[in-house]
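Taking it in order: structure first as structure tokens, then the write-up.
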Amino acid sequence: MAAAELTSRGYHVTLVDKGRTAGGRLATRHVGQGRADSGAQFFTVREPAFVAIAQRWLKNGWVHVWSHGWSDGSLGGAPPAGNPRYASRDGMSTLAQHLGAELEDAGAVLVTQQRITALRLVGGEWLARTAGNEEYHATKMLLTAPVPQSMALLDASAIQLARSQRRALVRIEYAPCLCAMLLLDSDTALPHPGAIQRPDEPISWIADNRAKGISAEATVVTMHASPTWSSAHFDDNETTLLDFFSAELGKWMRPPAHIVAGQMKRWRYALPTQLHAERFLQATGVPSLYFAGDAFGAPRIEGAALSGLAAAQAMTLDVP
Ligand SMILES: Cc1cc2nc3c(=O)[nH]c(=O)nc-3n(C[C@H](O)[C@H](O)[C@H](O)COP(=O)(O)OP(=O)(O)OC[C@H]3O[C@@H](n4cnc5c(N)ncnc54)[C@H](O)[C@@H]3O)c2cc1C
């Protein structure tokens, strides 16, 4: 979002991401012949600034309304009617891919599979070096990784922030999330539209990606453990975790369905629990260094998007 905003304002933007695609927590995986969203499952739209953005994505056919709420699995009936929950029909990572393609069409450079390992100031400009020894120069730098990762990068680079700003950034915290993706040889018994949400249970989210529309070839179920359960079991071995998730899914399978394969994804920084009050943070004492993402101002996809936009707008006003 930040890169698109800066590009539209005439800046030369390079977006560097360590992932295979630049989706981050908008992540979709192959499991057997099927696919599963492992990170964000859907998004909601609360603020007017995000309404226009979501409408454009809707108009482009990039997202659709998946549901207006989720059953907790106890009623067996229709989910409660609430605000629309939007999802990307080909998987949430596809939304990021659409945004990335649009960004490249607008002239920005999108670099993937390059992890930035060091930042340096050279003659008042930023130089970012990657694990693959690539170097990128920039007059302005925006870091949107989960904040502990950005702080680790600054520390490894011996870049000092003002003490109050460092304190503000270190205060930001995230809850982890353990995610299981299980491949079934038959449909699930999950209620329409294929998902249940139970924030107070160890497994807080169960979704059928075939019912969601992103896995036509096979039934793959995404299961998320709650923040408390995920913290307590984050380092458990994969077999133990898959056994636990599989037993829980058994309640939502119709005999003689079987689980034929499973994968775990461990999200260390899934959802911010301690946010920075402002939409972004501009470092003082160093030239044009900014922090943004879902821990700034408001959480989730909506918060991340609006944070990126706010940071980009501030960057255009910041004349070095
Ligand atoms: C399990 C789970 C469930 C969720 N469910 C929902 C949901 O249903 N609805 C919702 O709205 N939100 C949900 N979220 C939250 C949502 O995914 C995030 O709020 C949002 O995607 C954050 O976007 P971001 O750009 O701030 O950060 P990220 O998506 O984390 O992007 C940060 C990027 O930085 C890159 N990066 C990090 N370090 C480096 C480095 N050194 N060099 C290069 N690149 C680097 C990463 O590869 C990543 O692509 C969920 C998240 C998880 C994990």
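The values are calculated or read from the model by the stated rules, or taken from the named source; none is laboratory data. What you see is a predicted model; the values in this text were computed from it and never measured. Every residue, glycine as well, gets a Cβ built from its backbone with ideal geometry; the counts of neighbours run over all protein chains shown.
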Kindly list the number of the only condition in (1) surrounded by 13 or more Cβ atoms within 10 Å (Cβ to Cβ); (2) part of a loop (DSSP other than H, G, I, E, B) that fails for H192. (1)
Just give me the residues in region 11-30 being surrounded by fewer than 22 Cβ atoms within 10 Å (Cβ to Cβ) and more than 10 Å from the ligand (Cβ to nearest atom), in sequence order. Y11, H12, T14, R29, H30
Please verify whether region 172-179 includes one or more residues that are aromatic (F, W, Y), assigned to a strand (DSSP E or B) and either in contact (Cβ under 8 Å) with a residue 60 or more places away in the chain or in the same structural domain as H12 (by TED's automatic domain parsing) (or both). yes
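The rows are residues; the columns are (1) within 14 Å of the ligand (Cβ to nearest atom); (2) buried (at least 22 other Cβ atoms within 10 Å of the Cβ).
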| site | (1), (2) |
| --- | --- |
| M181 | yes, yes |
| D185 | no, no |
| D200 | no, no |
| D208 | no, yes |
| M223 | yes, yes |
| W229 | yes, no |
| H233 | no, no |
So which of G73, G91, G61 ends up being modelled with pLDDT under 95, assigned by TED's automatic domain parsing to the domain that holds G308 and either farther than 21 Å from L182 by Cβ or away from the ligand (no atom under 11 Å from the Cβ) (or both)? G73
Test of understanding: among A2, A36, which residue is near the ligand (Cβ under 10 Å from one of its atoms), of a type in the set (A, V, I, L, M) and at pLDDT 95 or above? A2
